[in-house]
Every structure is written in C-alpha cells, then in structure tokens.
Amino acid sequence: MKIAVAGTGYVGLVTGACLADFGTKVTCVDKVPEKIEALKRGEIPIYEPGLDLLVAKNMRADRLSFSTDLDQAVRESEVIFIAVGTPPLPDGSADLTFVREVARTIGKNMKGYTVIVNKSTVPIGTGKLVRDIVLAENPEAEFSVVSNPEFLREGSAIKDFMEPDRVVLGIDNDRAESIMKEVYKPLYHLEIPFLITNVESAELIKYASNGFLATKISFINEIAVLCELMGGDVLDVARGMGLDERIGPRFLQPGPGFGGSCFPKDSSALVDISRKAGYSFQIMESVIEVNRAIKDRMVDKVRKALGGEFQGKTVGLLGLAFKPETDDIRDTPALPILEGLQREGATVRAFDPAAMENMKEVFPDITYCTNAYETATGVDCLVLVTEWNQFRFLQFERLIPLMRQPLIVDLRNIYEADMMRRIGVTYHCVGRPTCR
C-alpha cells in the first residue's frame, strides 16, 4: 500500500512520519518548494520532540519521501490523507480553500479505487463537499471519503499517534473500512479502541472533544476568580472535583487561559457551525468570552503587582509559547501581556526555550534572553507564563539578587506561596488565598 499525505504542517508531517514508521510507504506533499527541500535535508519546520529522529529514521529506510508533485503522488497512492491548514476566517468559520484545492487535484489524477481521508479539522459536511468536488472533476471515479480526525497534542504528538485513546473513522462502506483498518493495522492489533461512525459524526467528534476540554479550562479559571474573591483555594477545589470519576482531574489546572492551534479555532468553528445550522451554542460562546476575559485579567494581575502601572518598569517574562514543549504562540497568554506592557510603557525582557523566534516576528523590539537568569537581571517583576519544566526548578539564591526587587507573578501556580515568603519573595499566583 502507498499513502500520500497532502500538507506538511503539524498534522501532516506527524501523520506521514508515524504512518511510515508503521511500515507503509508514504509521500508527504507540499506546494512550497523551499519547505520540501528543507525536509529532504532533514530540517524540520516545527518544534515537536522526537519528530526529527522519526523523520530521519524513515527517510533512511526509504519509507518516507517528500515532494511538491501532488498529481503524481495521487496517481501512485491508494490512500490520500488531506492534512492541509483550515485557518479561521474573521467570522470564526474554517477556511476550506486548501481542502478544495487538494480535492480538485485528487479528482483529476486518481487512478482506480481510492480512499480520501480528511485528517484536517473540518466542519460537518466537508466529507460531502470533498465528494462533490471529486465527482465534478471525475464523474466516473471510484472512491470513498473518510473522516479521520486527529487528536494530537503539541509536545506529545508522536505518542498520541502511536498510543491513541481511540481511532475515530467516519466511513460509509465496508471496502473503505477494511483499507483504513489495514492503514492502522499496528494500532488495531494493539486493541486500541476503533470507533466507526458515519462521516458527519466523526467530523463533529473532534470539535465536540476540543470544545468540552476548553469548557473545563474556562470553568476552572472562573472558579479561580471566585476563590480569589471569597478566600478559597482553587487547587483544593480542582482536586476535590477531579476525584469525582465522572469529572476527572485533567484540564482542571487554573491559569491564564487556553491558546494554541486547536482550542480557540475549534471553539469558534463550533459556534459558527451551530449558527449556520440555526442554533445558538451558548455554552461555547461563553467559553470563548471567558477565555478572553481571563487573559485580560492576567494583564491586570501583573499591573496590580507592580503598583498599578507599567510605565517605567522592567518586566521579565518566562515562557512565550501557549504551553510547554512547543514553539506555538497562537493565542498564547503571553500576547495580551506583551501588548499591555508595551502599550503602557514597560521595558520587556523574555525567554522561552522554543518560541522566541516566532515571537520575534510579532514583537521584534523586546529583549530576548538566553535563560531565566539573564531575563531576571534588573527586572521589577518576573512573570511565569508557561510551565516549562526548567522553570519549575529555578535557583532562587541565584535569581533573586539579579532582580531589582523580588517580585514574582506566577500565572501557572508552579510554586508554593509559603516557600516563596520564606526566601523573601513577594509572590502573586492564581486563585489561592496564600497568594497576594
């Protein structure tokens, strides 16, 4: 079996490399020649732990190749994964321009029975859209369109692909089901749960999953606000909730709101999908608004810690990515903080292990540092934005003397307030009575 993957972004590259590691011959295709040439040299365009080694291993084994020629890849492949970007439009809907382009190319070039797999996150009805486009190009074509949503977390994508909670397949016939089970044969034999649904249900599962997780995050962040107002401890509340097996402990960590490539985009898309179906998804609309307000609240928290203003202050930010183990800065809580600091006259120093090059494109005029200690040098306040492991074990005997004053705002509740007080730090955190 030969597989083509259209798109070498985050989802496409991880999918192609992992499928090749299953033993299948895979061609990953992108229309940007510079990107393909870089991949052929082994240069990975995204930050994902272990992906460079996986790509190199399967290139050496001649199972993974890269090309700009989608026409040829389609002609030679039995299964074609569509893994192109579906960025949000201003109204929150998904832009399907690239999906349409790939579908047209498939229709013009496919030879024999072909399974077309929507791996991109797409609105309900996209499977039918792809089918109609292919038939318009080739009315005699023999093919099936399958929805196979991805559930890859940035920072642990390879593990998520190789050891998933489930494999969701939206399929309308037995022939396509048999082929897809062959594609995922290593997982099928590991007894990973396979959920076979119709195409529309599979398309909705991804949005529903991410929407629900985003809801949990916004919920616990509002509980954190209540705790600050009423003297509760959000960590105790979250622990008490999480011990209920109906709720579970995951995604109940309070902080500065969700970001990244999935939750904000998928939440907005779910609202848009509902609106187009004639329904107002009020919970998701509120989740989006709460997330925006929580991020603004973090800016206020830093401002209040500095006495009510940023003007003339120097602030250090530790962490710029929306979460650890990624260089993704999309909708990261660092963005509104940086905007507020610069708008109100602060000097900014910052460090992130992976995301600084991306942030330089947005904020080129702040001082980017080589580590946490350089970042802390001469600052009036140090803000912990992203919970990278290296920030969990800071050497405070080295850090504190570098600061103009020992003031830390911990937006991830990494440290304990009692310990901070013992070493002379004025410590602000989220949703805990022991924090100032």
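The values are calculated or read from the model by the stated rules, or taken from the named source; none is laboratory data. Here the structure is a predicted model, which means the values were calculated and not measured. Here the Cβ is made from the backbone with ideal geometry for all residues, glycine too, and neighbour counts use every protein chain on show.
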Inset, instruction - Only residues that are aromatic (Phe, Trp, Tyr) and either exposed (fewer than 15 other Cβ atoms within 10 Å of the Cβ) or closer than 19 Å to residue 144 by Cα (or both): list them for region 51-92, please. - result: 81
Inset, instruction - Could you list all residues from region 362-397 that are loosely packed, with under 15 Cβ neighbours inside 10 Å and farther than 15 Å from residue 314 by Cα? - result: 362, 364, 370, 371, 389, 390, 392, 393, 395, 397
Inset, instruction - Report yes if some residue within region 107-128 is of a type in the set (A, V, I, L, M, F, W, C), free of Cβ contacts under 8 Å to residues at least 12 places away in the same chain and out of contact with any Lys or Arg (no Cβ under 9 Å at 6 or more places or on another chain); otherwise report no. - result: no
Legend entry - Residues (surrounded by 15 or more Cβ atoms within 10 Å (Cβ to Cβ) and over 30 Å from residue 350 (Cβ atoms)) located in region 284-316: 284, 285
Inset, instruction - Considering only region 1-120, give the helices (runs of 4 or more DSSP H) lying wholly within it that have at least 2 residues that are under 20 Å from residue 186 (Cβ atoms). - result: 10-21, 51-60
Legend entry - Enumeration of residues in region 255-287 that are in contact with an Asp or Glu (Cβ under 7 Å, 6 or more places away or on another chain), within 22 Å of residue 152 (Cβ to Cβ) and part of a helix (DSSP H, G or I): 264
Legend entry - Boolean, residue 252 is assigned to a loop (DSSP other than H, G, I, E, B), in contact (Cβ under 8 Å) with a residue 24 or more places away in the chain and not assigned by TED's automatic domain parsing to the domain that holds residue 91: yes
Inset, instruction - Go through (1) more than 20 Å from residue 261 (Cβ to Cβ); (2) touching a residue at least 12 places away in the same chain (Cβ under 8 Å); (3) not aromatic (Phe, Trp, Tyr) one by one and return the number of the condition residue 43 breaks. - result: (2)
Inset, instruction - Could you please give the count of residues in region 179-199 that are over 18 Å from residue 1 (Cα atoms) and surrounded by 15 or more Cβ atoms within 10 Å (Cβ to Cβ)? - result: 4
Legend entry - Residues of region 121-155 satisfying the condition of being in a loop (DSSP other than H, G, I, E, B) and more than 21 Å from residue 184 (Cβ to Cβ): 123, 124, 125, 138, 139, 140, 141, 142, 154, 155
Legend entry - Test: residue in region 320-338 that is assigned to a strand (DSSP E or B) and either farther than 25 Å from residue 218 by Cβ or at pLDDT below 95 (or both): no
